[in-house]
Amino acid sequence: MSSTFKQQFYVENISGSAGAIGSGQVTRAPADGYTLLIGGAGPLLTSPAINPNVGYDALRDFTHVAMIAGDGYVLVSNPASDLRTFADVTRSGRGNALTVGSPGTGSLGHLIVEQIKRRTGLSLQHVPFRSAGESMTAVLGGHIDLAIQTFSSAGEQLRAGKVDGLAVTSGERVPAFKDVPTFAELGLRDVGGVAWFWLAAPANVSADIVGRLNKEVRRIVGLPDIRRRFESDALVTMDLDSTALTAMIAREVATWGPLAKDIGLRVQ
């Protein structure tokens, strides 16, 4: 983007509140296209639903500019266990409580666990960790039965055969892990979720600026070397204009926000 626009783009990493602090700063920036945000599921899709003090609305306070990519989730188990397939999970989870680790309470992974519980009636006990790495360590050590992980977190262990992939949350099988079925293939068509990340900006950025940024991001994402890198990292993407992206974000908000509220998540 710096090359195309003949202008330096600086990356500022703002930590705190799972991305909510940095996202809030963007909402207060001038709507001139000079302040942008890498939007994500945590700060924009779940935080506004569970944190009454987050201070922004994902649709009202942002301009959604361009899709970058998404990281699908995979349910994994330890190969040394009796849970080698999702059928094993279904059989075992009917009479026993199975523990499932996620990157934390209120994370998209946590909400996917809740989806699975509701759609299957299985006895799954959610175990929140501080990070995906900690939950992976726990399943590798046999301390929990299962873990819900993004492919970027689980890919190395899957390739090495240190964990079994039981089902993926994306709509189609992931090319890099073609042997792992989707939840839809297993009859659970309404279990799914992808950790999307996209380019956003403050509300009311002009259509001209949005159009130029959208066109450039879509060009970059379509480059052969970028697409190869995405496939290697098991990332998926969609070619969307800003209007279609905004509609997609609205659907995501309508999916995850009510679920988070319904299971009683509340962050003060």
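The values are calculated or read from the model by the stated rules, or taken from the named source; none is laboratory data. All of these numbers come straight from a predicted model, not from anything done at the bench. No Cβ is skipped: glycine too gets one built from the backbone with ideal geometry, and neighbour counts run over all protein chains shown. Each accessible area value is taken on the protein alone, full model and side chains, heavy atoms only, with ligands, DNA and RNA left out. Shrake-Rupley method; radii C 1.70, N 1.55, O 1.52, S 1.80 Å.
Of the residues making up the range 10-27, those that are open to solvent by 20 Å² or more (accessible area, probe 1.4 Å) and either touching a residue at least 24 places away in the same chain (Cβ under 8 Å) or in contact with a His (Cβ under 9 Å, 6 or more places away or on another chain) (or both) are Ser17, Ala18, Gly19, Thr27. Any residue in the range 243-262 that is touching a helix residue (DSSP H, G or I) at 6+ places or on another chain (Cβ under 8 Å), modelled with pLDDT under 90 and either open to solvent by 40 Å² or more (accessible area, probe 1.4 Å) or assigned to a loop (DSSP other than H, G, I, E, B) (or both)? Yes. Here Leu240 fulfils each of the conditions (1) open to solvent by 20 Å² or more (accessible area, probe 1.4 Å); (2) part of a loop (DSSP other than H, G, I, E, B); (3) at pLDDT below 95 apart from (3).
Here is a yes/no grid of residues against (1) surrounded by 21 or more Cβ atoms within 10 Å (Cβ to Cβ); (2) of a type in the set (Phe, Trp, Tyr); (3) in contact with a Phe, Trp or Tyr (Cβ under 9 Å, 6 or more places away or on another chain):
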{"site": "Thr169", "(1), (2), (3)": "yes, no, yes"}
{"site": "Gly187", "(1), (2), (3)": "no, no, no"}
{"site": "Leu199", "(1), (2), (3)": "yes, no, no"}
{"site": "Pro202", "(1), (2), (3)": "yes, no, yes"}
{"site": "Ala207", "(1), (2), (3)": "no, no, no"}
{"site": "Arg212", "(1), (2), (3)": "no, no, yes"}
{"site": "Lys215", "(1), (2), (3)": "no, no, no"}
{"site": "Arg218", "(1), (2), (3)": "no, no, no"}
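Inside the range 28-133, counting only strands (runs of 3 or more DSSP E) that do not spill past its ends, which hold 3 or more residues that are touching a Gly at 6+ places or on another chain (Cβ under 7 Å) and surrounded by 20 or more Cβ atoms within 10 Å (Cβ to Cβ)? Let's see the steps before the verdict.
On the way: elements: 37-40, 62-77, 98-102, 124-128.
Correct list: 62-77.
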